[in-house]
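Novice: Handing you this structure, nothing more for now.
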Amino acid sequence: MSQGATEHVPQDSAPTAEPFRNISAAERQWMDNTLAPTLAKSPERPIGADSGINRNPDGTARFTTISGVPVERLYTPADLPADWEEHPEKYLGAPGQPPYTRGIYATGYRGKLWTMRQFSGFATPEETNRRYKYLLQQGGSGLSVAFDLPTLMGYDSDHANSEGEVGKCGVAIDSLEDMEILFSGIDLEKTTVSMTINSPASVLWAMYLVVAEQQGADWKKISGTLQNDILKEYIAQKEYIYPPAPSMRLVIDTFEFSSLFTPRFNPISISGYHIREAGATALQELAFTIYDGVEYVEWALRRGLDVDDFAPRLSFFFNSHNDFFEEIAKFRASRKIWYRLMTERFHAKQARSQWMRFHTQTAGVSLTAQQPMNNIARVAIQALAAVLGGTQSLHTDSYDEALALPTEEAARIALRTQQILAYESGVAHTVDPLGGSYFVENLTLKMEQGAFAYFDKLDAMGGMVHAIQQGFPQKELAESSYQYARAVEAREKLIVGVNDFVVEETPQEILYIGETVRESQTEKLKRLRARRSQAEVTRTLGALRQAAAHEPQAEKGKISDANTMPYILECVRAYATVGEICEALRDVYGTYEESIWT
Amino acid sequence: MIIDSGVKPKNEFPIRVLVAKPGLDGHDRGAKVIARALRDAGMEVIYTGLRQTPEMIVNASIQEDVQCIGLSILSGAHNAIVPRLMALLKERGADDILVVLGGTIPAQDIDFLKQQGVAAIFGPGTPLETTVEFIRAHVKPRGLAA
């Protein structure tokens, strides 16, 4: 579908007609006596250009969220279902009670603040280790590892495809040796660590587990999160290696392994973040992410796992974008939707299985390279939305991230922003402070309805893997991102410093990473390959290939014979590299290339 | 006075552009948006998909007889990719193809990349129209002898 700049349509398939609206006599009187004369005297004016998405067919101003969803002038009880007052338990529940709209904990943040978890990683493991110690010393409460592109794609630093990429977008990790350096001096039993790694997730996780073991940490006590969400890679971020089916099998291997051996570790972080960054609307982010969750549960059940054995450790990861109330509604709706799915669709019995627990990161895509200091304000607003939405942990972006990886100063301001919210603003004092707001509740309900409408569509396609193979979510995202780009181009959506309030600027100081990281990692690899037992590497990789070729089947309380995790752990202990282990799996599974959807 | 004959001028030679995403990075939002914007502006656009090597990009550009290559690089790999691509274009006698670059490029790398022959670098926030106009103004017209 091709559209000119002046012919925008709302992008979301959320029902836009007001299903509840039953205007009271008082509201009618207000409309006639107060509103009408005001509008006659001074008509409403759109924010941004008076064209396209900002105009109703009758020429009056139209207001929409950043996702293109129309927003009304005023919300009243008429915008809520008729039985709202009578049956709050159906819509809201109390905090800590189904359907968890108001949060999964009865006391909100009063018992425990959100975890301030700043994502970072760059250059060599040595340099990143120093940054981690700095962040912890500054009051950060968890770590989050960013890996470089060769690691994400399962190549060693000395591979031809890694040229120019080593240590650029994250830290370069080639072998267990690098992981030992990365966490040297950091107690893994006491520090929760999140690792943003997907296709090679089980390999990096195995390295982490071995380092923990070397430190003497108890696997039953270590906690953290593996991103390990391959579906959103096919949909959005595109860092995939193998085709969907074997990729899903590797994910389910980690579910099974973690339920037995690392009960406090989240084996997956089902991520909407990247889906949003790739151009999704808030509703598309919510719907595709939660439906990815459904797909993982379906695959795990097919393996023979019991839903209550693994569901308590499924965690989620959302984006917090600029549109404040839309984001809060998205977060609140996510808890209710997951509760409904886990009870109605999967019949999970444990409360923990029904809890939507999520991490949030402020929207990298909303940061501007122009007047970058303005991003500090954007991040603060987005972080506030995440907190009012009840996030369990939060990463705040650094103001210079549209230009490069953050400098130490920028990373500190980002962390301080969270600390100001937590310790100065008072927003953590009460649970779900926006609960009962007519506007927020209406948006929350619409998010839920819109998400279930998407679920029906995705079910009809035969699930997310099939939908991905048909390019459905990819095309939805491409369409939304193009519509938004057009709206920005037409100045119908304003970005301060970019398409309005522009000034002349000089380039600012950034973190610059040169080509030396590749050289030093290559040197290290050469020494490692000379030092380790090649026979042991060959043997363990061979055993992994064999396991990978077999279909695992779960038995209660026992790990599947062909589960790849124990074999990967053996490879890692023999100091096989990320590239070698992924290559062994490439031998068995082949690689994936997507059809081109534009 | 201009009289509209109702006959649109025949655009015999629409500008042909190859939009390419080299390197390991998979963030293709920008590449896809720009591909569509150029298409909406009347150009013929070939999008290569992800993880194209400089060799693949140069081969495709020659085969498709494009006048412009638009590279999208966000990962920081530009200093490795661009010189290889420019050298290959020269080697194949195709250095009349206009090369433009979009993405996250540190200011200190811009001079180097321009010396290599990149005609323009479009950073985050560049209006779509700026890129369209630049390509229109700088491509070598098709159908003319070199």
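What follows is calculated from the coordinates using simple rules that are stated; it is not laboratory data. Just so it is clear, the model here is predicted, and its values are computed rather than measured. Positions of Cβ are generated from backbone atoms using ideal geometry, with glycine treated the same way; all protein chains shown enter the neighbour counts.
Novice: Over segment A:378-475, what is the relative contact order in percent, taking alpha-carbon pairs closer than 8 angstrom and at least six residues apart?
Specialist: Contact order relative to length: 20 percent.
Novice: By how many nm would the segment from A:Asp459 to A:Glu594 lengthen if fully extended, with 0.36 nm per residue of separation less the alpha-carbon distance?
Specialist: Full-extension gain reported as 46.4 nm.
Novice: When a footprinting reagent is the concern and you count Cβ atoms within 10 Å, what order do A:Asp397, A:Asp432, A:Asp253 take, fewest first?
Specialist: On the way: A:Asp397 28, A:Asp432 19, A:Asp253 25.
Taking fewest neighbouring Cβ atoms as first place, the list is A:Asp432, A:Asp253, A:Asp397.
Novice: If you don't mind, another one. Can you work out ³J(HN,Hα) from phi for every residue in segment B:72-79, in order, using Karplus 6.51 cos²θ - 1.76 cosθ + 1.60 and θ = phi - 60°, giving whole Hz and x for Gly and Pro?
Specialist: Karplus values, whole Hz, x for Gly and Pro: 10, 9, 10, 8, x, 8, 4, 5.
Novice: Let me know the Kirkwood hydrodynamic radius for segment A:281-438, please, with Cα pairs as the basis and the value in Å to one decimal.
Specialist: 16.8 Å
Novice: How much length is gained on full extension from A:Ala160 to A:Glu89, taking 0.36 nm per residue of separation minus their Cα-Cα distance? Could the numbers behind the result be given before it?
Specialist: Details: separation 71, 0.36 × 71 = 25.56 nm, distance 5.84 nm.
Residue separation times 0.36 nm, minus the Cα-Cα distance, leaves 19.7 nm.
Novice: Check B:Val99: other-chain or 5+ apart residues with amide H under 5 Å from its amide H, H built from backbone geometry?
Specialist: B:Ile69, B:Ala119
Novice: Neighbour counts of other C-beta atoms within 10 Å: give me A:Asp218, A:Asp308 arranged from fewest to most. Don't jump to the answer; show the numbers that get you there.
Specialist: Working: A:Asp218 11, A:Asp308 17.
Least crowded to most crowded, the residues run A:Asp218, A:Asp308.
Novice: Let me ask you something else. So, with +1 on the Cβ of K and R and -1 on the Cβ of D and E, and no other charges, what is the size of the charge dipole of the protein assembly as shown about its Cα centre, to the nearest 20 debye?
Specialist: So the dipole magnitude of the protein assembly as shown works out to roughly 720 debye.
Novice: Just want to confirm a number: the relative contact order over chain B, from Cα pairs under 8 angstrom separated by 6+ residues, in percent. Can you show the working numbers first?
Specialist: On the way: 217 pairs, mean separation 36.3, N = 146.
It rounds to 25 percent for chain B.
Novice: Can you put A:Glu72, A:Glu504 in order of Cβ neighbours within 10 angstrom, beginning with the fewest?
Specialist: Numbers: A:Glu72 13, A:Glu504 4.
The fewest-first ordering by Cβ neighbours comes to A:Glu504, A:Glu72.
Novice: A further question on this structure: Given H placed 1.01 Å from N in the peptide plane, which residues other than close sequence neighbours of A:Met195 have an amide H under 5 Å from its amide H?
Specialist: When sequence neighbours closer than 5 places are left aside, the close amide H contacts are A:Val145, A:Thr225, A:Leu226, A:Gln227.
Novice: From zero up to wherever the largest Cα-Cα distance of segment B:52-119 sits, split into 10 Å bins and tell me the percent of pairs in each.
Specialist: Percent of pairs per bin, in order: 21, 60, 19, 1.
Novice: Say R0 is 30 Å: what FRET efficiency, to the nearest 0.05, do A:Arg21 and A:Val427 get from their beta-carbon distance?
Specialist: So, using R0 = 30 Å, E works out to roughly 0.45.
Novice: Continuing with the same structure: Contour minus end-to-end for B:Gln115 and B:Glu133, with contour as 0.36 nm per residue of separation and end-to-end as the Cα-Cα distance?
Specialist: Values: separation 18, 0.36 × 18 = 6.48 nm, distance 2.21 nm.
Length gained between B:Gln115 and B:Glu133: 4.3 nm.
Novice: Using the per-residue mean of other Cβ atoms lying within 10 Å as a proxy for protection, in what order, highest first, do the peptides B:13-21, A:447-455, A:313-321 fall?
Specialist: Going from most to least packed, we get A:313-321, B:13-21, A:447-455.
Novice: Further question: Over 29 Å between Cα atoms, which of A:Lys220/A:Lys457; A:Lys457/B:Lys32; A:Lys221/A:Lys446; A:Lys238/A:Lys349; A:Lys190/A:Lys238 qualify?
Specialist: The answer is A:Lys220/A:Lys457; A:Lys221/A:Lys446; A:Lys238/A:Lys349; A:Lys190/A:Lys238.
Novice: Rg over Rh of the protein assembly as shown, using C-alpha atoms and the Kirkwood radius, what does it come to?
Specialist: 0.97
Novice: Okay, moving on. Return the FRET efficiency for the residue pair A:Ala351, A:Arg28: r is the Cβ-Cβ distance, R0 is 60 Å, and the value is rounded to the nearest 0.05.
Specialist: Between A:Ala351 and A:Arg28 the formula returns 0.85.
Novice: Scan chain A and note any complete DSSP helix (H) whose C-alpha atoms cover at least 20 Å along its axis and whose Kyte-Doolittle average is 0.0 or more.
Specialist: Counting only whole DSSP H runs, the qualifying helices are A:201-215, A:244-261, A:282-303, A:374-388.
Novice: Could you bin all the Cα-Cα distances of segment A:77-225 into 10 Å bins starting at 0 and give me the percent of pairs in each, rounded to whole numbers?
Specialist: 11, 32, 24, 15, 12, 7, 1
Novice: Moving on. Using only Cα atoms, what is the ratio of the radius of gyration of segment A:204-291 to 2.2 N^0.38 Å? Walk me through the intermediate numbers first.
Specialist: Details: Rg = 14.8 Å, N = 88, 2.2 N^0.38 = 12.1 Å.
In units of the globular-protein estimate, segment A:204-291 measures up at 1.23.
Novice: Just the C-alpha atoms of segment A:539-588: what Rg/Rh do they give, with Rh taken as the Kirkwood radius?
Specialist: Ratio of gyration radius to Kirkwood radius for segment A:539-588: 1.00.
Novice: Show that you can apply the helix-only estimate: for chain A, add -39,500 (n - 2.57) for every DSSP H stretch of four or more residues, divide by all residues, and state [θ] at 222 nm to the nearest 500.
Specialist: Calculated from helices alone, the mean residue ellipticity at 222 nm is -13000 deg cm²/dmol.
Novice: Further question on the same structure: Once segment A:252-320 is represented by equal point scatterers at the alpha-carbon sites, with solvent omitted, what log10 I(q)/I(0) does the Debye formula produce at q = 0.22 Å⁻¹?
Specialist: With no solvent term, the Cα-only Debye profile gives -0.87.
Novice: Give me the one-decimal nm value for the distance between modelled label points at A:Lys41 and A:Lys221, 7 Å along each residue's Cα-to-Cβ direction.
Specialist: Modelled inter-label distance: 6.9 nm.
Novice: Near the amide H of A:Ser560, under 5 Å away, which other amide H atoms are found, from residues 5 or more places off or on another chain, if H is placed in the peptide plane?
Specialist: A:Glu555
Novice: While we're here: For chain B, I need the span (max minus min coordinate) of the C-alpha atoms along each principal axis, in Å, sorted largest to smallest.
Specialist: 53, 34, 27
Novice: Continuing with this model, one more query. Let me know the charge dipole size of segment A:69-119 about its Cα centre in debye, to the nearest 20, where only the beta-carbon of Lys, Arg (+1) and Asp, Glu (-1) is charged.
Specialist: 520 debye
Novice: Separate question: Report, as an integer, the average count of C-beta atoms from other chains found within 10 Å of each Cβ along A:236-243.
Specialist: Averaged over the peptide's residues, the number is 3.
Novice: Just to verify a number: FRET efficiency for A:Lys558 and A:Gln214, C-beta to C-beta distance, R0 = 30 Å, to 0.05? Don't skip to the answer; put the middle values down first.
Specialist: Values: r = 26 Å, r/R0 = 0.88.
Result of the calculation: an efficiency of 0.70.
Novice: Continuing with this model, one more query. As I understand it, the dipole of chain A uses +1 on the Cβ of Lys and Arg and -1 on the Cβ of Asp and Glu, about the Cα centre. Which of A:Phe318, A:Met356, A:Val145 lies farthest toward its positive end?
Specialist: A:Met356
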